[in-house]
Amino acid sequence: MRSWKAAILAGVVAFAAAGSTFAADVKIGFLVKQPEEPWFQDEWKFADQAAKEKGFTLVKIGAEDGEKVQSAIDNLAAQGAQGFIICTPDVKLGPGIVAKAAANDLKVMTVDDRLVGADGKPLEDVVHMGISATKIGETVGQAIAEEIKKRGWDMKDVGAIRVSYDQLPTAVDRVEGAIAALKAAGFPAENIYDAPQAKTDTEAALNAATTVLNKNANVKHWVAFGLNDEAVLGAVRATESVGIAAENVIGVGIGGAESAINEFKKPTPTGFFGTVIISPKRHGYETALNMYEWIANGKEPEKLTLTAGALALRDTYEAVRKDLGIE
Ligand code: GLA
């Protein structure tokens, strides 16, 4: 009897040990296109939290171009990783990334930016988590339209800067969502000026917006929207640099990470009026956890998850963040 119990106990111990050894064997890569951007720093932070909780290893890699993506995938395979999550520097790398992952027997999931095939259509077989881009864009447009009305501006005296990065589908959906909402509120389409940014950072947005402002020096008031907070911050910095007063500018971003919050903390309001806060926790923690479950327990994640956003303004951001459970 005693030895029988001992045998079971030994079995349980061995099983538990095997289980935990397996968690420690799991290695997951998390590749992001712009490691210096607060959004991606936050994604990594939350992915790390999942790694700590589950006991797997997370390898964080900045992959700013196609070559870095290729070598990072090879590297991960050489290190014995079983899968990776990627926000690609270029969605057109899609088929190459999928082929490289398959050749190395690595599971792949995308976050933020969805891969496209040669025909420009999304690779629907690849597991993806992104934001509800059109809807969030509409929230941006509505917030701007409401504030235009509150300030009593005549829409015909307002110019809109569309900070654009049209090679990225989620960027197009976001700005087009904003435009749809603005038009629905009566904003004249001919007052919308495209400001294509060469890269998705603040500096590139500043340069793009400056060109628009210089070409349209007679416009009285300005509004701005774009892919993310960085895009809108760039446009706001551009208005400041050409001497437009903050009360004549309404910029609404998307993100809600450090760069936006710092703006709200400034003692005097700037033209950065608001942001739609999105969730780096879902995009970092949840993707990492999903990849872990896939590797360790064969549980394949949902093919497509779209996350929501919540509008936050200078005087509401603290309450909104609290509601969302941030800090
Ligand atoms: C894109 C943008 C990021 C962030 C994410 C959110 O990748 O470049 O700044 O907005 O989408 O999904």
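The values are calculated or read from the model by the stated rules, or taken from the named source; none is laboratory data. Because the structure is a prediction, the values reported are computed rather than measured. FYI the Cβ positions are ideal-geometry reconstructions off the backbone, even for glycines, and counts take in every protein chain you see. The protein model used for the area step is the full one, side chains on, heavy atoms only, and it has no ligands, DNA or RNA in it. Shrake-Rupley method; radii C 1.70, N 1.55, O 1.52, S 1.80 Å.
Below are the figures for this structure:
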{"quantity": "Residue ID - most open to solvent (accessible area, probe 1.4 Å), chosen from residues in the range 174-201 that are within 16 Å of the ligand (Cβ to nearest atom), of a type outside the set (Ser, Thr, Tyr) and assigned to a loop (DSSP other than H, G, I, E, B)", "calculated": "Lys199"}
{"quantity": "Within the range 160-169, considering residues that are in contact (Cβ under 8 Å) with a residue 60 or more places away in the chain and not in a helix (DSSP H, G or I), the one nearest to the chain's Cα centre (by Cα)", "calculated": "Leu168"}
{"quantity": "Matching residues in the range 265-292 - criterion: being open to solvent by less than 10 Å² (accessible area, probe 1.4 Å), away from the ligand (no atom under 16 Å from the Cβ) and part of a helix (DSSP H, G or I)", "calculated": "Met291"}
{"quantity": "The range 314-327: number of residues that are closer than 17 Å to Asn228 by Cβ and more than 19 Å from the chain's Cα centre (by Cα)", "calculated": "0"}
{"quantity": "The range 271-318, residues that are free of Cβ contacts under 8 Å to residues at least 12 places away in the same chain and within 19 Å of Ile136 (Cα to Cα)", "calculated": "Thr316"}
{"quantity": "Which numbered condition Asn262 fails, given (1) open to solvent by 10 Å² or more (accessible area, probe 1.4 Å); (2) in contact (Cβ under 8 Å) with a residue 12 or more places away in the chain", "calculated": "(2)"}
{"quantity": "Any hit, the range 36-45, residues being away from the ligand (no atom under 16 Å from the Cβ) and either within 21 Å of Leu227 (Cβ to Cβ) or among the hydrophobic types (A, V, I, L, M, F, W, C) (or both)", "calculated": "no"}
{"quantity": "Complete set of residues in the range 113-157 that are touching a helix residue (DSSP H, G or I) at 6+ places or on another chain (Cβ under 6 Å) and closer than 21 Å to Ala189 by Cβ", "calculated": "Ala133, Thr134, Gly137, Glu138, Val140, Gly141, Gln142, Ala145"}
{"quantity": "Scan of the range 114-137 for residues that are crowded, with 22+ Cβ neighbours inside 10 Å and within 29 Å of Val249 (Cα to Cα), ordered by number", "calculated": "Ile131, Ala133, Ile136, Gly137"}
{"quantity": "Leading residue by the ranking (most open to solvent (accessible area, probe 1.4 Å)) among those in the range 293-321 that are of a type in the set (A, V, I, L, M, F, W, C) and assigned to a helix (DSSP H, G or I)", "calculated": "Ala319"}
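Matching residues to (1) crowded, with 17+ Cβ neighbours inside 10 Å; (2) under 30 Å from Thr307 (Cβ atoms); (3) in contact (Cβ under 8 Å) with a residue 60 or more places away in the chain:
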position	(1), (2), (3)
Lys150	no, yes, no
Trp153	no, no, yes
Val158	yes, no, yes
Ala171	yes, yes, no
Val212	yes, no, no
Phe225	yes, yes, yes
